[in-house]
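J.: Let me begin by handing over the structure; questions about it come next.
The values are calculated or read from the model by the stated rules, or taken from the named source; none is laboratory data. These numbers were taken from a predicted model, which means no experiment stands behind them. Heads up, the Cβs are rebuilt from the backbone with ideal geometry, glycines too, and the neighbour counts pull from every protein chain shown. Calculation scope for accessible area: heavy atoms of the full protein, side chains included, ligands and nucleic acids excluded. Shrake-Rupley method; radii C 1.70, N 1.55, O 1.52, S 1.80 Å.
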Amino acid sequence: MNIVHSTGIEGARRATGTVVVIDVLRSFTVSAYALAGGARECRLVRTVEDARALAARTPNAVLCAEEDALPVEGIAISNSPTAIRGLDLRDRVLVQRSSAGTQVAAEVTTSSDMFAASLVVARATAKACLLRGPEAVTLIASADHPEDHACATYIEELMRGHQPDLEELLRPLRESERYRRVVSGAWPGFPATDLDLALQPDRFDFAMPVTKEAGYLRLTASF
């Protein structure tokens, strides 16, 4: 099995085989907490305008959006697992727009076999990929951030039957200015509790397959 690592939109455009799009902080962590909290599905779109329009025409929709990792005026829920975990999402549909994860997933056109992933569903994602028996797997870090690369490496090592040292993989994140900024409370819409929720490996036992629909990507839980 050939496992390839890539990054961002260009990586998505070149992806082949079974594709895993990774966004740890925070888009696909939000998706996982939403599904664990009872949401029927998540619908991923590219723009805030698309998100507003889709939410308006979707029964029982909850809108979650950010731009440049910051809250959007008029949208109560930003890209925060802390905020999502506090909602009653039973039988709801989460409409999501983010600056990395939803953008990159939309650019995967060379494969129909795609998962969204983050650390909280990493082991389940690795198992789901292995069940496909693919000749090739492309692990895409949505952004060139250490946590996304760490998650990609973690998933690969699990797929190869190894038990990686996640804390060592996450050391570059914990030493980064981004991490210190969140911990200090200096990032609007990004509570420090999001870090705690996002960096818990294998919290949920489902993977998140993504399928293309008219006007959005549909993300669900697969056990």
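J.: Which is the longest part of the chain that has none of the GluC sites (Glu not before Pro) sitting in a DSSP loop with at most 13 other Cβ atoms within 10 Å?
T.: With a cap of 13 other Cβ atoms within 10 Å, the longest stretch comes to 1-72.
J.: Follow-up question, since we're still on this one. Can you classify the range 95-143 as rounded, prolate or oblate using the Cα gyration tensor, where a ≥ b ≥ c are the square roots of its eigenvalues, rounded means a/c under 1.5, and otherwise it's prolate if a/b beats b/c and oblate if not?
T.: In terms of gyration-tensor shape, oblate.
J.: When you take every Cα atom in the chain, what is the radius of gyration, and what is Dmax, the widest Cα pair distance, in Å?
T.: 16.0, 46
J.: Let me ask something else about it. Pick out, in residue order, every one of the trypsin sites (Lys or Arg not before Pro) in the range 17-85 that is DSSP loop and has at most 11 other C-beta atoms within 10 Å; say none if there are none.
T.: R57
J.: Let me ask another. Under the Kirkwood approximation applied to all pairs of distinct alpha-carbon atoms, what is the hydrodynamic radius of the range 113-223 in Å?
T.: Every distinct Cα pair counted, the radius reaches 15.1 Å.
J.: Additional query: Would you work out if the range 34-87 is rounded, prolate or oblate? Take a ≥ b ≥ c from the square roots of the eigenvalues of the alpha-carbon gyration tensor; rounded if a/c is under 1.5, else prolate when a/b is larger than b/c, oblate otherwise.
T.: Verdict is oblate for the range 34-87.
J.: Can you pull the percent of the range 122-198's accessible area that's carbon plus sulfur, 1.4 Å probe, other chains left in place?
T.: 52 percent
J.: Now for a separate question. For the chain, set up a GNM with springs between Cα atoms under 10 Å and report which of Y33, Y179, Y154 has the largest fluctuation.
T.: For the chain, modelled as a Gaussian network with Cα springs under 10 Å, the answer is Y179.
J.: So, one more: Solvent-accessible area per residue for the chain at a 1.4 Å probe radius, Å²?
T.: Normalised by residue count, the accessible surface of the chain is 43 Å².
J.: Can you tell me how the range 1-114 classifies by the Cα gyration tensor, rounded, prolate or oblate, using a/c under 1.5 as the rounded cut?
T.: Prolate, since a/c reaches 1.5 and a/b exceeds b/c.
J.: Which number comes out as Rg/Rh for the range 60-185 once both Rg and the Kirkwood Rh are worked out on C-alpha atoms?
T.: 0.98
J.: Between the range 129-146 and the range 176-223, what is the C-alpha centre distance in whole Å?
T.: 17 Å
J.: Please tell me the relative contact order of the chain in percent, rounded to the nearest whole number, where contacts are Cα pairs under 8 Å and at least six residues apart.
T.: 33 percent
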